[in-house]
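In what follows, a structure is listed as structure tokens, so that the remarks can point back to it.
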Amino acid sequence: MGVLAPWFLAALAGLALPLYLHLLKRQTTTPKPVSSLMLFESRTQASTRHRRLRYFLLLSLRLLWLVLLILAFANPFINRNAAAAASNRLVLLVVDNSFSMRAGTRLADAKDAAITVLAGKGAARAQVAAFGSQLRFMTQVITDQSALRAAVQAIQAGDGHGNFGELARAVRALADSVHTPIELHLFSDMQRPQLAATFSDMALPANVTMVTHAVVTKAQPNWTVESVDAPGQVWGKDAKPVHVQAVIAGYGTPAAQRTVSLVVNGKTTATKTVAVPANGRATVDFPSLEVPYGFSRCEVKIDAADALPADDLRRFAVARSDPQKALLVHNYGDNRSPLYVGAALSAAAQSAFTLESINVNEAADRRPSNYAFIVLSDLNTLPSLLENALTEYVRSGGSLLIAAGTSAGGRSQIPIFGAHIIETRDYTRVPDHYMAVGSSDSSYPAVAKAGGWPGVKFFYALDIDPGVGPSAARVIVRLADQTPLLLEKRIGEGRVVLLTSGLDNLTNDFPLNPAFVPFIEQTARYLAGSERQGGARLVDAFLDLRNSNEQAREHAGAQSQAVEVTDPEGKRPLTLSEAASAQTFQLVEAGYYQLRLANGRQDEVGVNPDPKESNLDVIPDDVLALWRGKGNESTQNASAPGAATPQNTSQNKTPQSFWWYVMLLVLAAAVAESALASRYLGTQREEE
Amino acid sequence: MQQRFLNPSVLAGISGLELVAKTVVDGFIAGLHRSPDFGFSQEFAEYRAYNPGDDLRHVDWNVYARTERMYLKRYRGETNSSLTILLDASNSMQFGSHGVNKMDYARFLAASLFYLAIHGQRDAAGLITFDDEIRNYVRPSTRQGQLHRLMAALDQAEARARTDFAKPMRYFQEFLKRRGIVLIVSDFWESPESIIRSIEPLRYRGNEVVLFHVLDPEDVRPKLNGPSMLVDLETKAELEVTPDYTKKEYREKVEAHLADLRNRTRAAGMGYYLLMTDRPLDEALREYLTLREGRN
């Protein structure tokens, strides 16, 4: 027996206080004057005896209460050997069902081992859990052997990536809540990639004894399609040829020839043979991916015939659709803006947009709602009819990019955007003849990918008052002299982005800068509201079900639109309430997920297991021994299934804290003290 | 009859004993419907034929003028024309459990009686303060300023030393040569037997002796918060006593003591009045004077 926090025992000095109050202070009672003692008689004998008895009982209770309280804080423990503690020990059976357990008969072996261990435990309190990417309890703490066996049998192979750090964290949380010793039996392939980044993440509490049951003892060779690089979307029927690049990796494998196939909607469209070096990687390039309109389920497969066939393919989805239309309105005679913007869009956005350029005089008969977004480039005049149509277009959800240029210098405010123009800034008159970007909001998509627009020279800009309050414009980029350069404002349900300079290579050299193409691409995607579709994700990744516009609308009180998720098995994993409110969705299975997002768009993604699960290397014994803890590595590593029971646990002394029992005694002592003290005070009142 | 009684604590707030006395006496007289004939005065009783040698001052000359016979006027209280108060000024009189201690209460009582005697009845009044010796003596007199002298003597009376009736009592005999009313105001913390033995001689000389037993409520019912050490104010002796004792045995002993003193006093032909200091003074005074009138 000992205490875990002995420094609290210093508080025992506080016992002097009740001793002082009871023994010393009692003798200093003030004598009471009376007229005469003539009729009084001494009654000291009986009274003192009673009082001392009463006081000593009260004093003893108070001292006991203090001692117990201090003892509780000092956290007392007793060393109990494992055999003695076995009666209240919790046997926790954790079966690894991460993706790598699909190799061979690993999962079945693990379950057999767990059932064997369970049979040896008799009527012990036990709990069964499956461990993939996180610990999932299959039962409560029960003693019913049949229910525990059924729970073990019910564990299915998963697609998650195991992490022993996450397992240790969950066990630590469990140990905090159950307060009894835990005998953790881990049935796993002890895959090396499941080790946490640091060993401290895998530390187990003192009252947890871990017994590992490795279902394999040595690494097995495995080939896998490690990654596939393919676009998620293809635009139009005349799109440029799409390349698909796949990386084939071998873990612990000899050099070999692998046949790699590209499968589109179940039909092999291309096959190649690639030489994969020993324990290395090889890249395969399919130059042309032909997919029909709509979503196509594509795979890259290899003919591996290895221990883990489930990782011999990698899925991805590709969507083919018509490009969206965008409109650029410019001054009559301005050929530069359409040239630069059109070139940037066609270069970067994989022909996702077709740009239609017209001069301002032709714009009156166009319907803005036919376009994904509209660009107004340096317009001298904006006919009121067009201005009204554009304002209505924006209010109802449309998007606008306004490049102010030099023409706006004669106005007092920017049309549609509504910001007040303070002054024009002509930087050709400053010593360097230009102004660079001073600060930018790197979280803004149009800026993030462009890297903050370094080296762009601005010769002319408008100084705009962004305003204050809820209707204020958000300043995204400022020039070095703090002049706002790029601003965004929400108007109604739409948004307007304002560039206070031009797109014509006259007021700046931005169109010739490498940052221009990503700026136009990201701005176009942002304004059109078209997030990337298709593609591939990893198991356990989260998918955004609502974009920022929809989230903002929901925050503003608008009714949320339901989303729909269909998992690879064709089931809908979201409940109705989740479908109406969930912002994200975790992809827990490998396969193809179909989604109908809140904005009404359809999407489909291919979900693949974490490629780290394909590495079937096992954790060395010395590392496992280090993880289990000192002294018992020789017997606690039950490498063969069924040989799991620790033999030397009876010699192990484990400290078991009993501070909560002491706290119960503190409570009891406090109640007894209160009762006695109130009885004593009650006697005094009665005497009065 | 509606009466108002003056709380002793209220009286303690009045500065000046004369004012206290006036307040008390006027207070209880005002409570009566008719003019009272209470007091220590000489009351007409009968006529007696003149005998040679009688004092000519007592001849009723009006009767002589009408009848040409000489008669003397006889008065009922002709021997009680002097009031002397013996005030105990021992340390035990200092005890008080509320606003007024026994000494103050005794002062108020004495002052009220002096006021009544001198202002109301033009009687002679005197004062002796004593503890274990005689501390002060104001000869009974009806002279101008007697009331002020008495009040000053009461003011100066300080509680000290311890009570001893036997020692100063023999001197009382020397001072009280003239018969009258003798009021002894004390808490009488001595055995009733020795008190009566010490006081009885005053009665033999024809004085009307009355004992005013002034006690604090806590003298009769002490309040103790647990076993306590009690200190005698006179002897400074200490004694540890329990509440159980004070609740039962002590109260019985006090009752017995009071009964014994009352019985012995009355048996000796003296008057006895118990005055608790929480009792309104004018009420107590009224009760005493009513009883006295009834006795006469």
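The values are calculated or read from the model by the stated rules, or taken from the named source; none is laboratory data. Only a predicted model underlies this, so the values are computations on that prediction, with no experimental measurement involved. Cβ atoms come from the backbone with ideal geometry, glycine included; neighbour counts cover every protein chain shown.
Just one of the numbered conditions (1) under 43 Å from the mean Cα position of the chain (by Cα); (2) acidic (D, E); (3) modelled with pLDDT under 85 is not true of A:E392: (3). B:G180 passes every criterion in (1) under 16 Å from B:Q94 (Cβ atoms); (2) away from every other protein chain (no Cβ under 14 Å); (3) in contact with a strand residue (DSSP E or B) (Cβ under 9 Å, 6 or more places away or on another chain); (4) not hydrophobic (A, V, I, L, M, F, W, C) apart from (1). Across the stretch A:309-338, the qualifying residues are those that are touching a helix residue (DSSP H, G or I) at 6+ places or on another chain (Cβ under 7 Å) and touching a residue at least 60 places away in the same chain (Cβ under 8 Å), and the one among them that is surrounded by the fewest Cβ atoms within 10 Å (Cβ to Cβ) is A:A310. Among the residues of the stretch B:286-296, is there at least one that is at pLDDT 80 or above, out of contact with any Ser or Thr (no Cβ under 7 Å at 6 or more places or on another chain), assigned by TED's automatic domain parsing to the domain that holds B:D104 and crowded, with 20+ Cβ neighbours inside 10 Å? Looking for residues that are at pLDDT 80 or above, out of contact with any Ser or Thr (no Cβ under 7 Å at 6 or more places or on another chain), assigned by TED's automatic domain parsing to the domain that holds B:D104 and crowded, with 20+ Cβ neighbours inside 10 Å, one finds none in the stretch B:286-296, hence no. A:L59 fulfils the conditions (1) modelled with pLDDT under 80; (2) farther than 23 Å from B:K248 by Cα except for a single criterion, (1). Of all residues in the stretch A:74-88, none satisfies being under 40 Å from the mean Cα position of the chain (by Cα), polar (S, T, N, Q) and modelled with pLDDT of 90 or more. Selection of the stretch B:60-95 for residues being modelled with pLDDT under 85 and over 19 Å from the mean Cα position of the chain (by Cα) yields B:L72, B:K73, B:R74, B:Y75, B:R76, B:E78. From the set of residues in the stretch A:641-688 that are of a type in the set (D, E, K, R) and not assigned by TED's automatic domain parsing to the domain that holds A:L92, which is modelled with the highest pLDDT? Here the answer is A:E673. Taking the conditions exactly as written (without any contact (Cβ under 8 Å) to a residue 60 or more places away in the chain and crowded, with 21+ Cβ neighbours inside 10 Å), does B:P227 satisfy them or not? No: the conditions fail for B:P227.
Do we have A:I248 as assigned to a loop (DSSP other than H, G, I, E, B) and modelled with pLDDT of 90 or more here? It is false that A:I248 is assigned to a loop (DSSP other than H, G, I, E, B) and modelled with pLDDT of 90 or more.
The sole residue among B:G206, B:G226 that is of a type in the set (G, A, S) and at the interface with another protein chain (Cβ under 10 Å from one of its Cβ atoms) is B:G226. Filtering A:R572, A:R546, A:R628 for residues that are at pLDDT below 85, of a type in the set (K, R) and not assigned by TED's automatic domain parsing to the domain that holds A:A110 leaves a single hit, A:R546.
Could you tell me which of the residues A:I402, A:I374 is closer than 18 Å to A:D509 by Cα, in a strand (DSSP E or B), within 38 Å of the chain's Cα centre (by Cα) and not assigned by TED's automatic domain parsing to the domain that holds A:H243?
A:I402
The numbered conditions (1) in contact with a Gly (Cβ under 6 Å, 6 or more places away or on another chain); (2) assigned by TED's automatic domain parsing to the domain that holds A:A450; (3) modelled with pLDDT of 85 or more are all true for A:D540 except (2).
Checked against the criteria, A:I416 does not count as among the aliphatic types (A, V, I, L, M) and part of a strand (DSSP E or B).
Of B:I181, B:I199, B:I195, all but one fail to be over 14 Å from B:T265 (Cα atoms) and within 16 Å of the chain's Cα centre (by Cα); the exception is B:I181.
Is it true that A:V341 is crowded, with 22+ Cβ neighbours inside 10 Å and within 23 Å of A:E362 (Cβ to Cβ)? So A:V341 passes the test. Number of residues in the stretch B:245-266 that are in contact with a Lys or Arg (Cβ under 7 Å, 6 or more places away or on another chain) and more than 7 Å from chain A (Cβ to nearest Cβ) equals 1.
Here the strands (runs of 3 or more DSSP E) wholly within the stretch A:451-550 that include at least 2 residues being closer than 30 Å to A:F99 by Cα are A:536-538, A:542-544. Scanning the stretch A:339-351 for residues being without any contact (Cβ under 8 Å) to a residue 60 or more places away in the chain and in contact with a helix residue (DSSP H, G or I) (Cβ under 6 Å, 6 or more places away or on another chain) gives a total of 0. Quick check: anything in the stretch B:237-248 surrounded by 17 or more Cβ atoms within 10 Å (Cβ to Cβ) and either closer than 22 Å to B:G99 by Cα or touching a residue at least 40 places away in the same chain (Cβ under 8 Å) (or both)? No, every residue in the stretch B:237-248 fails to be surrounded by 17 or more Cβ atoms within 10 Å (Cβ to Cβ) and either closer than 22 Å to B:G99 by Cα or touching a residue at least 40 places away in the same chain (Cβ under 8 Å) (or both). Of the residues in the stretch B:219-229, at least one is under 20 Å from the mean Cα position of the chain (by Cα) and assigned by TED's automatic domain parsing to the domain that holds B:S186.
Among the residues of the stretch A:320-367, those that are within 28 Å of A:L289 (Cβ to Cβ), among the small types (G, A, S) and modelled with pLDDT under 85 comprise A:S321, A:S346, A:A347, A:A348, A:A349, A:S351, A:A352.
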